[in-house]
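Have a look at the structure below before the remarks.
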Amino acid sequence: MKIIGRKIIHFDSISSTNDVLKEKALAGEHEGLVITAEEQTKGRGRGANCWLSMRGKGLYFSVLLRPQINARDVGIFSLFPSIALADAIAHQSETKATTKWPNDVFLTGKKVAGILGESSATSQKINFVIVGAGINILHEQKDFPPDFSDSACSIKSATGKTVDKFELLHEILFRMESIYSQINNFADWQHLITDEWMKRCLHLERKVIIKNNTFSKEGIFERISTTGEALIRTENGVLEKITVGNFSLRET
Ligand code: BTN
């Protein structure tokens, strides 16, 4: 049964596809609805970040899901779209794409896409999850703000390929559908997501530093847990568990 993308609403210009989809979710919309926009005027990234959403340059969309999973599994669940994005971007650009914890996709060592997952849940049950994705497709390096021009790329700037944004969207939705149906039908789906995510990971077994405003941890990125945390082996041999949150991760 096809769920993801059974209804797609395309906007020319909106504030944020996540925000508009959240209103629809709260109003009782069925899962599978996808909202896309040519441009966003208030595109949001993780934490307090903005997401540069220039008209004609990128793909900006959000998907509404109502997974029948336990609320404690939302961390690992939120990592599954990056597998679909990485594979679709790799296929369309004919270039290897990798996942970076928690929810980024990299091409040629630079960030090409980010995912903002937002959920509403009680202590037990998920009400809905919104998966919002932004993919840089046609940007030239000079389109990125100076602070990001060394760390961000578009499919075009990294590979020279001009991919069709709607073809890419359909491939992503198709791949998300396939993983989502395994989540719905496979008891041990958490292991499946960790394994598939790690196969594509940019920094597996590499030295990384994870930090936010108040916290900093350095060590070897050993793996992710079946609840989506990053497991970092620090210099003193302790395995630190970092929960998905507003952290930045970089290789040292
Ligand atoms: C990040 O890397 O910080 C996540 C970026 C997510 C951006 C997308 S664009 C579509 C959707 N709507 C938003 O406002 N944000 C997400």
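Among the residues of the range 67-84, are any within 12 Å of the ligand (Cβ to nearest atom) and assigned to a helix (DSSP H, G or I)? For the range 67-84, residues within 12 Å of the ligand (Cβ to nearest atom) and assigned to a helix (DSSP H, G or I): present. Checking each residue in the range 151-178 for being among the charged types (D, E, K, R) and within 16 Å of the ligand (Cβ to nearest atom) picks out only K165.
Residues in the range 5-23 that are surrounded by 18 or more Cβ atoms within 10 Å (Cβ to Cβ) and either more than 13 Å from the ligand (Cβ to nearest atom) or farther than 24 Å from E171 by Cβ (or both): 3 in all.
Of all positions in the range 108-115, at least one carries a residue that is at pLDDT 95 or above, of a type outside the set (S, T, Y) and within 12 Å of F80 (Cα to Cα). One residue stands out among those in the range 121-149 that are away from the ligand (no atom under 16 Å from the Cβ) and surrounded by fewer than 14 Cβ atoms within 10 Å (Cβ to Cβ): the one that is modelled with the lowest pLDDT, which is Q124.
Only residues that are within 15 Å of L239 (Cβ to Cβ) and among the aromatic types (F, W, Y) were counted in the range 198-222, giving 1. Scanning the range 53-75 turns up at least one residue that is more than 19 Å from I137 (Cβ to Cβ), surrounded by fewer than 22 Cβ atoms within 10 Å (Cβ to Cβ) and of a type in the set (S, T, N, Q). Give the residues of the range 151-161 that are without any contact (Cβ under 8 Å) to a residue 40 or more places away in the chain and more than 18 Å from Y60 (Cβ to Cβ), sorted by residue number. Hit for the range 151-161 is G160, nothing else. In the range 143-244, counting only strands (runs of 3 or more DSSP E) that sit wholly within it, the ones holding 3 or more residues that are among the hydrophobic types (A, V, I, L, M, F, W, C) span 207-211, 216-224, 230-233. Taking the range 181-206 only, how many residues are over 13 Å from A84 (Cα atoms) and either acidic (D, E) or touching a Gly at 6+ places or on another chain (Cβ under 7 Å) (or both)? Of the residues in the range 181-206, 3 are over 13 Å from A84 (Cα atoms) and either acidic (D, E) or touching a Gly at 6+ places or on another chain (Cβ under 7 Å) (or both).
If the condition is being near the ligand (Cβ under 6 Å from one of its atoms) and part of a strand (DSSP E or B), then the range 32-48 contributes Q40, R44. Evaluation of V105 against the conditions (1) within 16 Å of the ligand (Cβ to nearest atom); (2) in a strand (DSSP E or B); (3) farther than 19 Å from L52 by Cβ shows that the sole unmet condition is (3).
Okay, residues lined up against (1) of a type outside the set (V, I, T); (2) modelled with pLDDT of 95 or more:
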| position | (1), (2) |
| --- | --- |
| S154 | yes, yes |
| L168 | yes, yes |
| I172 | no, yes |
| W189 | yes, yes |
| I193 | no, yes |
| T214 | no, no |
| E240 | yes, no |
| T243 | no, no |
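Take the conditions (1) crowded, with 20+ Cβ neighbours inside 10 Å; (2) under 16 Å from the mean Cα position of the chain (by Cα); A37 misses just one of them, which is (2).
The values are calculated or read from the model by the stated rules, or taken from the named source; none is laboratory data. Since this is a predicted model, take the numbers as computed values, not measurements. So basically every Cβ, Gly included, is an ideal-geometry build from the backbone, and we count neighbours across all protein chains shown.
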